[in-house]
1. Condition test on residue 230, is it within 18 Å of residue 339 (Cα to Cα), assigned to a helix (DSSP H, G or I) and within 19 Å of the chain's Cα centre (by Cα)?
2. Run residue 40 past the list (1) under 30 Å from residue 369 (Cβ atoms); (2) under 28 Å from the mean Cα position of the chain (by Cα); (3) in contact (Cβ under 8 Å) with a residue 40 or more places away in the chain and report the number of the one that doesn't hold.
3. Taking the stretch 56-96 on its own, how many of its residues are closer than 20 Å to residue 42 by Cα and either crowded, with 17+ Cβ neighbours inside 10 Å or in contact (Cβ under 8 Å) with a residue 24 or more places away in the chain (or both)?
4. Would the stretch 232-239 turn up any residue that is at negative phi, at pLDDT below 90, touching a strand residue (DSSP E or B) at 6+ places or on another chain (Cβ under 8 Å) and crowded, with 18+ Cβ neighbours inside 10 Å?
5. I want to confirm something. Restricting to the stretch 1-23 and keeping residues that are at pLDDT 75 or above, over 27 Å from the mean Cα position of the chain (by Cα) and in a helix (DSSP H, G or I), which single residue is farthest from residue 352 (Cα to Cα)?
6. Within the bounds of the stretch 377-384, is there any residue that is in a loop (DSSP other than H, G, I, E, B), surrounded by 12 or more Cβ atoms within 10 Å (Cβ to Cβ) and not assigned by TED's automatic domain parsing to the domain that holds residue 210?
7. Exactly one of (1) surrounded by fewer than 15 Cβ atoms within 10 Å (Cβ to Cβ); (2) closer than 30 Å to residue 238 by Cβ; (3) over 20 Å from the mean Cα position of the chain (by Cα) is unmet by residue 331. Its number?
8. So is residue 149 over 25 Å from residue 289 (Cβ atoms) and over 19 Å from the mean Cα position of the chain (by Cα) or not?
């Protein structure tokens, strides 16, 4: 094998391609640099608009409008400003991924998806801003009410929005009649999860990414497999990847994540309450309904979010390792587990072993090298038990 296209043939068990490994390490470093530059620009733009004058000027320019129109227009305009500002960097990253075959969506489809995100973001930001100012005028405990409203939104989002978003951006169809369907059905039966329907999502129209996840609520719960997982991976490999996602589901990781997000939401809301009081005290805003406070809130959350990111990523890696172990123990197929991880790494041209500092500060998942090592150690431990 000598190119990314060569991994389309599901040779099993899959082994790393040396040429792809060299290309992946170079590409991963390039994408990382592009991501850092993009994030630095977006943060700098936020700080410039917040503390350099444009944000305060925009707030004054909208003074003649009623408070609810001020809030909605201010937040929607900010979304547009940051969208336009970040567009060149977003397209830069997209073009790098596209040239290397990671992303299959053309510029037109990428732009169409991007505009959909812009529209949804502006609408949500406008509605949330109006609600926030309404709560501010209603009660001195607005921060508590706002955090509660956000928590309810997060709960609804985690249960319903993913499926709605899928139908907005992707197509879903039932998986039937294939060997992969048989493997996943067998896995669900072994875990007493027969109530989950198995769906396929047409990710290949946009990228080569292969994954699976559980979505929905109640009787509408389903496991969704990317079509690339079925097309590019063997059924045994797909089974291990699906088992990883089911490990998250059975461990209640989404609930735990939601619980931590709820606690962070209330703490963040109280922090914003303090910022609001200081802004009034030092006359940083011209009135309690000045929409400029939204920028001060955004800057505050950006700074605290960056400070907490390493801890959040560490906890994420712990959850991913636990799900990997669940996959190994439920499938009892370390060869397929390792083969699938290596194939995924080559298909997406990922660095299998990024620098340690980058993993500590930025990685939300264990590296492929760590996952392969886990599979090998699990295999050796099982063989040792059998021999004894």
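1. On the way: within 18 Å of residue 339 (Cα to Cα): yes; assigned to a helix (DSSP H, G or I): yes; within 19 Å of the chain's Cα centre (by Cα): no.
So residue 230 fails the test.
2. With (1) under 30 Å from residue 369 (Cβ atoms); (2) under 28 Å from the mean Cα position of the chain (by Cα); (3) in contact (Cβ under 8 Å) with a residue 40 or more places away in the chain applied to residue 40, the lone miss is (3).
3. Residues in the stretch 56-96 being closer than 20 Å to residue 42 by Cα and either crowded, with 17+ Cβ neighbours inside 10 Å or in contact (Cβ under 8 Å) with a residue 24 or more places away in the chain (or both): 21 in total.
4. Going through the stretch 232-239, the residues at negative phi turn out to be 232-239.
The next check asks that each one be at pLDDT below 90; those that pass are none.
No, there is no match, as no residue in the stretch 232-239 is at negative phi, at pLDDT below 90, touching a strand residue (DSSP E or B) at 6+ places or on another chain (Cβ under 8 Å) and crowded, with 18+ Cβ neighbours inside 10 Å.
5. 19
6. The initial filter retains those residues of the stretch 377-384 that are in a loop (DSSP other than H, G, I, E, B), namely none.
Checked against the condition, which is being in a loop (DSSP other than H, G, I, E, B), surrounded by 12 or more Cβ atoms within 10 Å (Cβ to Cβ) and not assigned by TED's automatic domain parsing to the domain that holds residue 210, the stretch 377-384 yields no hits at all.
7. (1)
8. Numbers: over 25 Å from residue 289 (Cβ atoms): no; over 19 Å from the mean Cα position of the chain (by Cα): yes.
No, not satisfied.
The values are calculated or read from the model by the stated rules, or taken from the named source; none is laboratory data. What you are looking at is a predicted structure, and each value in this text was computed from that prediction instead of being measured. Every residue, glycine among them, receives a Cβ derived from its backbone with ideal geometry; neighbour counts consider all protein chains shown.
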